[in-house]
Every structure is written in C-alpha cells, then in structure tokens.
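Undergrad: After the structure tokens below, expect a handful of questions from me.
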Amino acid sequence: MTMSRKLVLLSAVALGGLVALSPGAQARHGHDAPATADTRARDLLSRMTLQDKLSMVFTIDGGGTMGNAPIPPGGLGSAAYLKTPAGLPPLQIGDAGLGLRNPSHVRPHGQAVGLPSGLATASTWDPDMARQGGAMIGSEAWRQGLNVLLGGGADLTRDPRGGRNFEYAGEDPLLTGRVVGATIAGIQSQHVISTLKHFAMNDLETSRMTMSADIDNAAMRESDLLGFEIALEVGHPGSVMCSYNRVNDVYACENPYLLTKVLKQDWKYPGFVMSDWGATHSSARSALAGLDQESSGDDADARPYFREILARDVKEGRVPASRVDDMAQRIIRSMYDVGMVDHPPVMQPLDVVTDTLAAQRDEEEGAVLLKNSGNLLPLSPTARVAVIGGHADVGVISGGGSSQVDPIGAPAIGVVKGPGKKEWPGDPVYFPSAPYRMMQAEAPSARLTYTSGTDIARAVDAARRADVAVVFVTQFSYEGMDTSNAMTLDGNQDALVAAVARANPRTVVVMETGNPVMMPWLDSVGAVMEAWYPGSGGGAAIARLLYGKVAPAGHLPMTFPASPAQLAHPDIAGVTATNVFEMQFHTDQELVYDEGSEVGYRWFDRTHAKPLFPFGYGLTYTSFVHDGLRVRHHGDDVIATFTVRNTGTRPGVDVPQVYVRLPDGGGRRLAGWQHVTLAPGESRELSVTLEPRVLAHFDEKHDRWSMPSGTYRVWLGSSATDESQQATIHLGGRKMAP
C-alpha cells in the first residue's frame, strides 16, 4: 500500500463517524420543514435494530436492469428496489435522466413521455423551464409508483465527444448548476427523491469504469464541483450518486475527499450517497469514505459489499456502528424531506397530452438557430418544400442508454435499424413525433415531399424541384461509448447535405445530435438549426419553429469547435475500441486535466482559438441591442445593470450574458445572465447579480473561496465571444466560506 493510499484511508476513518448537522445547517437545506424531517428520522432510527439499519443501505436489482433478473416481490420493475423496515414505504428506484425508463421493457405499461435532451433544456437558459420539465418527470414517476429517480446529471462537458453529454447541461458550472438544480427541484416537488449524478469527473465514457481523472483539487472546485455545488443549493436533492471512475487515483465511491470532505462537511449535505450500478468496490473503505447505499448490489457489483460483508465489518469493529446510524438516517431523512412517506405514489394513468406539451415547449425554447442567411427561416406556408433524410417521416431520434424512454406510440421502437449496438444499447429509438407529418399539419397549403436521403441522386432531384430543401441529419450518442475523434456525422450525411445545397442553395439543415459535429457544408447552406434530441413533442416543435409559429430562443450551452485540434485534448485515448464493453474497460489510463478549470469556452478564450459557434450563441427571428452596461457594488454583491431593446419586427426571447475576467488573468467566466421576452420595439432595464464564486478562486490551503483584489473586466453580450459592451470594476477582495 502506498503512503498516499494510507493517508486516504486514515482520513476516511477520521471522518467516518460524522453524523449531525448544526440547526443552522439543517435550516438551510430540505423542503418541507427540514428540521421536522431530521427529527422524524432520528426518532425512527432510535427504534430500529442494527439489522434494520443495515437493511436500508443495500438495494437489489429492480428487475430487468442487469440482464434477466426477475422483478423482486413488491417491486414494480425498475433500476433497483429496497424493501424497507419499520413501516417505511419501499424504495422503487428508476432511471429518469430525461423521462421514466422501463428497463428491458419489463413493465407492461411502462411507456412514458420523454423530454428533449439535457442539452436542449440547458439551451433554454431558463431554470423555470427546467423546473417544469422536472415536475413532469416527477409526476409521471408518482403515477407509475416510482419514488426515487436517478436524475439529474451535472457532469460538465469537458470534451464535446462525450457519449453522455446529451444527458447533461453543458460546459459551464453556473449554467449547469442552476438548470440541473431546477430540474431536481421540479422532480422533488412531486414527493419523489431526485439524484444528483455522477459525482464526480465522470466526463467521458471511454474507460469510465477504471479511468482516473487527475486534476488539482482547487481547479476541480472551480469547475466540475462548482456545478454540483450550485445544483445542490438550488435543488436540494435527496440523493447524490457517486460515479464509476477514479478521481486522482481513488474510486469516486470510496473517495473521502469527494464524499465526506467536500459533500458532507464543506457543503453540509444532509442527504445520502448511493453508488452507480457496478461502482462499489469495497465495504469498509467505501462506508468510511462516505458511501451510504450500495445500488443493486446483488447483481451489479462483484460482491454484495453492503450486505453480509458490511455487517461483519461492523461486528469486527472495522466500521463503527455510528457510521451505520449516519447512513440509515440520511436515507430516512430524505424520504421524509420530500414528503414520500406522507404522500405515497398513487398508480394512475399518465396525463399524456399535458406532459407531451411540456416536452414540446422545452424543445421549442431549447432549439438553437445557428445560421439564417437572408432570413430563409421562417418558411413560407405556401412554399414547395423538399424534406430529406433523418427518418423525418417516422419521428425524432433519442439518445441511448439508461436515459432511454419507451415512447408512447411504441411502434417507433426499433423501426429504424442501425447504427446502434445490438448488445447495448441496441438500435436507436425514434419518438413517433414525425417532423414531416407535423410540417404538413402546420402548413396545409404548402407542397411537401419526403425523400429518405439514402439515394443522394433522388434527394438532389427533389431539392431542384422545390423552393426550399430541409435536410434532417442525425447522430446517435449513447451511454458507454464516446463519439469519434473526428466529430463527423455518420454515414453519407455530409455528402448528402453538400449535394442538396449545390442543387438548391436555399437549404435548411436541422440537426438532431447529442454533441457538436463538424459542418464542412456550412458555407453552402442557408440555415442551420440545432434541435438536439427533441423528445416526445419534438416533431411538432420543429415544425412550429420552421414555420415561425414560435421563434427560436435557444443559446448554446457548449462550444462548437471548428476542429478537434482546438480542444484541450484533441484525441480520446481508446475511443477506437470495437464495442461498448471493451471501451468502458479499455485501459486503466489516467487522464490529466492540465487545463484545470479552463473548461470549454474558457479554454478557447485562453488559447485565442476561434470556434465554429461560441458558447452562449443563438439567433432568433428578431434582433436585440444591449446598451448602458454599468457595474456597481451593493454590499458584498456585485451587480451589472444594462438595457435590452428588441429592434426587430416580432416578439422574441433574448439571453443577455455577463462574463468576467479576474485581475490575475485566466479565461473569462460566465457570472450571470437574464432570460427576457420583449415585444417589437420594447426595451427593459435589467440587473444581474454576479455569482461571487465565479469572481473568486478556491483557496485549498485555507479551504475557502478568496476573491482577489484588483480590477475586474466585465463583458455583456450575446455569447462568450461578444465584446460589444465592456466595463471594469475594482474590488478590494474578500474571503468567503467554503
């Protein structure tokens, strides 16, 4: 055993008995009377036996998640199940990154409404929209009998090829924290526990089961961990899920720095930590580090660590009984805190119409208009339109893996073959909301045709005969595998777009992707819309956007690079593995994040690289002007005030963004934004209170945030590269709590 490993274990033992929160800390967390949740949990715990407490920390496969495991007695068919003692409701734990998953289609009536991808929701820059989406998922869970949901995801986009980026909220910690936190709050408003995941640094799928993400602790606090911290403050999740990977050579689920020092001590988190499925590697070491519950331990892990092994560790003194008390109390507290005990789920039909409209609104607000030369969009309702490619006659593609929803209108499942993996996650699933059909409904006087795009010559002929060509392109991303280093579209789609654009320069490209892609045809087409994975209401949303029934409002939550060479890590080592299982265990590589906290647009700013499209960018069908930027003190707060005016001819949404650069340099940082709807000619004065931790560095030596003294440069703009409005402010510097 290395000396560093010994120190890790000693620190874990030293922190393992931590149980109580101060009354002040209790008052800062939770939902309905948090002190009452603590009191009720402690009271119940006092009447439980050691065996009762141990039974709370180990869940079993809920049926269908890990192969052919049967549904356990009392279970409904989900990711995991726990038959609780002491009269508590059983835990029915379900995947729900973007909607309720039905693993292996095990529940006969397990279809659900799917939200657009997390990137689409993040592109709204609208926490209220995220909260509404979370409430929709939570409501559907409650109606299907599930009471613990494995969402939302807050891992930052450190690499735009990450296979699960579509589940998350982009590359910025402030945007991620506020959007994901709002989603969590929405879920828990329905008396359902939400899980903040995957904690932490689970930013790639390649070698995710073994890879060590190596990063300076202070840089991690200023980037990835800051996103989790803000999400925790906004959403108060009942659970946090530790990730598969190692962080600085220690597995996340047995990492005392992450689970106890940061999460439970510095952030005063009162909820419980559950493991990802297959992420538990030990009993005593994990328990002492801060893991509170082993997930699906009968099937997912090498051994059922938190069952007989943990009981033996307690009996023989390797784990103190007080630690088991802490583990059980945290779980019970979360159950009381969200109202699960007092408001148990009631099985009933879903409100499909209302929920689908919620998903549709999310997509309408989250789709990003990247290009619109000559105001090609919105389309004329009488134009001849050639709709080409993307299976737009069938539906809209969704991302694969544990966030996959069985769509309502199930014939779309499996109707489109490839390029999925047969073993996992299978062929891509298309939600049966077909853009082509919805475009016909939106513009009944238009003359629309559909061509699959597999025959490029036929597609070119259709484009020549039309006033406008609308080409749909798709890129399938999924859990377990990152996309290629080249970041190109699958198959012949680039050639298809280029050929259609040569035949008809009035070509619109609608992209349904989980990540940025290269666009070698960009200069040749008239308009480009990033629709992400559009969800259950996606077809209707895209049609309404194309025909101008609603205006695009999305702004990018991640940088679109002009080339992979611009990235901090141009190549993902091991991404060429031949199957998803080989990729996850491809190597015990260490990935050194020497860019530190300079993630995404911060890296581009530091290296002076010009992206294809910058973070925060997005067009609409009107225009806005920002003016009069002023920055001032108000006590400890720093407030930016400015005016926004709609200078166009139709109403629209603007997202003015405020960026700062600290006196000691580094890349610019998003410090705040506003989301505002204005009528034509309307102007409004807005104020943004800048996030203080963005104005600071994390001082690891003193375990606190430290705002340096000096002159801060402030930008107001429509993206991370917009410098049209600038100001400066001198701050004297101050020390803040962790």
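Undergrad: Going through the stretch 644-687 one residue at a time, which ones are open to solvent by less than 50 Å² (accessible area, probe 1.4 Å) and either among the basic types (Lys, Arg) or farther than 28 Å from residue 733 by Cα (or both)?
TA: Listed by number, the residues that qualify are 644, 646, 648, 652, 653, 654, 655, 668, 669, 676, 678, 679.
Undergrad: Follow-up question, since we're still on this one. Starting from residues that are out of contact with any strand residue (DSSP E or B) (no Cβ under 6 Å at 6 or more places or on another chain) and either of a type in the set (S, T, N, Q) or touching a residue at least 12 places away in the same chain (Cβ under 8 Å) (or both), keep the ones in the stretch 291-304 and report whichever is nearest to residue 51 (Cα to Cα). Quick ask: steps written out before the conclusion?
TA: Narrowing the stretch 291-304 to residues out of contact with any strand residue (DSSP E or B) (no Cβ under 6 Å at 6 or more places or on another chain): 300-304.
Restricting the remaining residues to those that are either of a type in the set (S, T, N, Q) or touching a residue at least 12 places away in the same chain (Cβ under 8 Å) (or both) gives 300-302, 304.
Numbers: 300: 22, 301: 21, 302: 23, 304: 16 Å.
My answer is 304.
Undergrad: Okay, next question. Across the stretch 469-491, which residue is farthest from the chain's Cα centre (by Cα) among those that are among the β-branched types (Val, Ile, Thr) and crowded, with 22+ Cβ neighbours inside 10 Å?
TA: Step one: filter the stretch 469-491 for residues among the β-branched types (Val, Ile, Thr), giving 470-471, 473-474, 483, 488.
Going one step further and asking which of them are crowded, with 22+ Cβ neighbours inside 10 Å, we end up with 470-471, 473-474, 483.
On the way: 470: 29, 471: 27, 473: 23, 474: 20, 483: 17 Å.
Per the stated criteria, the residue is 470.
Undergrad: Kindly list the number of the only condition in (1) more than 29 Å from residue 43 (Cβ to Cβ); (2) open to solvent by 10 Å² or more (accessible area, probe 1.4 Å) that fails for residue 258.
TA: Failing condition for residue 258: (2).
Undergrad: Answer yes or no: is there a residue in the stretch 646-655 that is in contact with a helix residue (DSSP H, G or I) (Cβ under 9 Å, 6 or more places away or on another chain) and closer than 18 Å to residue 602 by Cβ. Let's see the steps before the verdict.
TA: First, pick out the residues of the stretch 646-655 that are in contact with a helix residue (DSSP H, G or I) (Cβ under 9 Å, 6 or more places away or on another chain): 653.
Within this subset, residues satisfying the condition of being closer than 18 Å to residue 602 by Cβ are none.
No, the stretch 646-655 contains no residue that is in contact with a helix residue (DSSP H, G or I) (Cβ under 9 Å, 6 or more places away or on another chain) and closer than 18 Å to residue 602 by Cβ.
Undergrad: For residue 266, work out the one condition from (1) within 18 Å of the chain's Cα centre (by Cα); (2) at negative phi it doesn't fulfil.
TA: Unmet condition: (1).
Undergrad: Let me ask something else. Report the residue count in the stretch 306-342 for those that are within 16 Å of residue 84 (Cβ to Cβ) and open to solvent by 70 Å² or more (accessible area, probe 1.4 Å).
TA: 2
Undergrad: Against the conditions (1) outside the structural domain of residue 360 (by the TED database); (2) surrounded by 18 or more Cβ atoms within 10 Å (Cβ to Cβ); (3) outside any strand (DSSP E or B), where does residue 638 fall short? Just the number, please.
TA: Only one criterion in (1) outside the structural domain of residue 360 (by the TED database); (2) surrounded by 18 or more Cβ atoms within 10 Å (Cβ to Cβ); (3) outside any strand (DSSP E or B) is unmet by residue 638, namely (3).
Undergrad: Ok, one more. Residues in the stretch 669-711 that are assigned to a strand (DSSP E or B) and touching a residue at least 60 places away in the same chain (Cβ under 8 Å): how many?
TA: Initial filter on the stretch 669-711 (assigned to a strand (DSSP E or B)): 669-673, 676-678, 683-689, 697-699, 704-707, 710-711.
The next check asks that each one be touching a residue at least 60 places away in the same chain (Cβ under 8 Å); those that pass are 669-673, 697-699.
Of the residues in that region, 8 qualify.
Residue by residue, here is whether (1) of a type in the set (Phe, Trp, Tyr); (2) more than 19 Å from residue 513 (Cα to Cα); (3) open to solvent by 10 Å² or more (accessible area, probe 1.4 Å) holds:
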| site | (1), (2), (3) |
| --- | --- |
| 81 | yes, yes, yes |
| 88 | no, yes, yes |
| 123 | no, no, no |
| 133 | no, yes, no |
| 141 | no, yes, no |
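Undergrad: Oh, and also: From the set of residues in the stretch 143-191 that are farther than 27 Å from residue 690 by Cβ and among the hydrophobic types (A, V, I, L, M, F, W, C), which is surrounded by the most Cβ atoms within 10 Å (Cβ to Cβ)?
TA: 149
Undergrad: Right, here's the next one. For the stretch 480-497, name all the residues that are outside any loop (DSSP other than H, G, I, E, B) and touching a Pro at 6+ places or on another chain (Cβ under 7 Å).
TA: Initially, the stretch 480-497 is screened for residues outside any loop (DSSP other than H, G, I, E, B), giving 481, 493-497.
Scanning the stretch 480-497 gives a single hit, 494.
Undergrad: In the stretch 211-229, how many residues are surrounded by 23 or more Cβ atoms within 10 Å (Cβ to Cβ) and in a helix (DSSP H, G or I)?
TA: So in the stretch 211-229, the residues surrounded by 23 or more Cβ atoms within 10 Å (Cβ to Cβ) come out as 211, 213, 215, 220-228.
Right, trim to in a helix (DSSP H, G or I) and you get 220-222, 224-228.
The number of residues fulfilling the criteria is 8.
Each row is one residue, and each column tells you yes or no for (1) open to solvent by 50 Å² or more (accessible area, probe 1.4 Å); (2) assigned by the TED database to the domain that holds residue 96; (3) part of a strand (DSSP E or B).
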position: 359; (1), (2), (3): no, no, no
position: 374; (1), (2), (3): yes, no, no
position: 381; (1), (2), (3): yes, no, no
position: 386; (1), (2), (3): no, no, yes
position: 390; (1), (2), (3): no, no, no
position: 394; (1), (2), (3): no, no, no
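Undergrad: On the given criteria, is residue 494 in contact with a strand residue (DSSP E or B) (Cβ under 9 Å, 6 or more places away or on another chain), open to solvent by 10 Å² or more (accessible area, probe 1.4 Å) and in the same structural domain as residue 375 (by the TED database)?
TA: Values: in contact with a strand residue (DSSP E or B) (Cβ under 9 Å, 6 or more places away or on another chain): yes; open to solvent by 10 Å² or more (accessible area, probe 1.4 Å): yes; in the same structural domain as residue 375 (by the TED database): yes.
The answer is yes for residue 494.
Undergrad: Could you tell me which numbered condition residue 517 fails, if it satisfies all but one of (1) surrounded by 18 or more Cβ atoms within 10 Å (Cβ to Cβ); (2) more than 25 Å from residue 614 (Cβ to Cβ)?
TA: (2)
Undergrad: Hey, another quick one. Every residue in the stretch 90-117 that is open to solvent by 10 Å² or more (accessible area, probe 1.4 Å), within 14 Å of the chain's Cα centre (by Cα) and either more than 18 Å from residue 143 (Cβ to Cβ) or among the aliphatic types (A, V, I, L, M) (or both), please.
TA: 97, 98, 115
Undergrad: Here's something else I'd like to know. Can you give me the ranges of the helices (runs of 4 or more DSSP H) entirely in the stretch 532-629 with at least 1 residues that are open to solvent by 20 Å² or more (accessible area, probe 1.4 Å) and in contact with a helix residue (DSSP H, G or I) (Cβ under 7 Å, 6 or more places away or on another chain)?
TA: On the way: elements: 538-546, 580-584, 601-607.
Per the criteria, 538-546.
Undergrad: Only one residue in 208, 178 is over 22 Å from residue 672 (Cβ atoms), among the charged types (D, E, K, R) and either under 20 Å from the mean Cα position of the chain (by Cα) or in a loop (DSSP other than H, G, I, E, B) (or both), so which one is that? Quick ask: steps written out before the conclusion?
TA: Details: 178 fails: over 22 Å from residue 672 (Cβ atoms).
Of the residues listed, the single one that is over 22 Å from residue 672 (Cβ atoms), among the charged types (D, E, K, R) and either under 20 Å from the mean Cα position of the chain (by Cα) or in a loop (DSSP other than H, G, I, E, B) (or both) is 208.
Undergrad: How about the stretch 233-255: which of its residues are within 18 Å of the chain's Cα centre (by Cα) and open to solvent by 10 Å² or more (accessible area, probe 1.4 Å)? Explain how you work it out, then say what you get.
TA: Restricting attention to the stretch 233-255, the residues satisfying the condition of being within 18 Å of the chain's Cα centre (by Cα) are 233-245.
Answer for the stretch 233-255, where residues must be within 18 Å of the chain's Cα centre (by Cα) and open to solvent by 10 Å² or more (accessible area, probe 1.4 Å): 233, 234, 236, 244.
The values are calculated or read from the model by the stated rules, or taken from the named source; none is laboratory data. The structure displayed is predicted, hence computed values, not measured ones. Positions of Cβ are backbone-derived with ideal geometry, glycine not excepted, and every protein chain shown enters the neighbour counts. Please note that ligands, DNA and RNA were not included when accessible areas were found on the heavy atoms of the full protein model with its side chains. Shrake-Rupley method; radii C 1.70, N 1.55, O 1.52, S 1.80 Å.
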